[in-house]
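Note sheet for the following structure.
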Amino acid sequence: MKKLLANLLRQLGVLKYDYLVSRQDAFPQTPETEPDELILVESGAIQKWACLSCPGGCGERIALSLNPDRRPRWSIRTDFWQRPTLHPSVHQQNDCGCHFWVKKGKVHWCKGGRPQTPKEKAE
Ligand SMILES: [Zn+2]
């Protein structure tokens, strides 16, 4: 319900976000991740994974480990609207090389971390 409201407020331009958190207790199947959905996989009070689609247009599926015993690991916080804040930044090691922060559900690109469009490359 809150998600519907958040979506409405987003369309009205009141609320800004690129991702909202959905909680699941199992690792999601690939087709289930929506572009603006960050799936938080948790079992009981234990946070396990944060899964999202890369915002760079490549659509790469990203799975971040939240397990404190593993490296690298990320931490995630959510606000009232379930907008996620991730720490540290996400740096893709694949072709797209996307490098960004997610703060209060918004993507903040690092310098040079945003994939260039063909037009930008030509300039
Ligand atoms: Zn990417």
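For region 102-112, a residue qualifies if it is touching a residue at least 12 places away in the same chain (Cβ under 8 Å) and more than 16 Å from residue 53 (Cβ to Cβ), and the qualifying residues are 103, 104, 110, 112. Restricting attention to region 1-24, the residues that are in a loop (DSSP other than H, G, I, E, B), of a type outside the set (Ser, Thr, Tyr) and surrounded by 10 or more Cβ atoms within 10 Å (Cβ to Cβ) total 3. When 95, 69 are checked against the criterion of being loosely packed, with under 11 Cβ neighbours inside 10 Å, within 12 Å of the ligand (Cβ to nearest atom) and not in a strand (DSSP E or B), 95 stands alone in meeting it. Summed over region 46-65, the residues that are out of contact with any Lys or Arg (no Cβ under 8 Å at 6 or more places or on another chain) and part of a loop (DSSP other than H, G, I, E, B) give a count of 5. Given the condition small (Gly, Ala, Ser) and under 26 Å from residue 115 (Cα atoms), answer yes or no: does some residue in region 61-69 qualify? Yes: one or more hits. Taking residue 45 as the residue in question, decide whether it is hydrophobic (A, V, I, L, M, F, W, C), exposed (fewer than 13 other Cβ atoms within 10 Å of the Cβ) and more than 14 Å from the ligand (Cβ to nearest atom). In short, yes. With respect to residue 59, determine if the residue is loosely packed, with under 13 Cβ neighbours inside 10 Å, within 16 Å of the ligand (Cβ to nearest atom) and either charged (D, E, K, R) or at pLDDT below 90 (or both). Yes: the conditions hold for residue 59. Tallying residues that are at pLDDT below 90, over 11 Å from residue 56 (Cα atoms) and surrounded by 14 or more Cβ atoms within 10 Å (Cβ to Cβ) within region 98-119 yields 0. Within region 28-43, which residues are at pLDDT 90 or above and either aliphatic (A, V, I, L, M) or outside any strand (DSSP E or B) (or both)? Correct list: 36, 38, 39, 40, 41.
The values are calculated or read from the model by the stated rules, or taken from the named source; none is laboratory data. Since the structure is predicted, the reported quantities are computational estimates derived from the model, not experimental observations. Cβ atoms come from the backbone with ideal geometry, glycine included; neighbour counts cover every protein chain shown.
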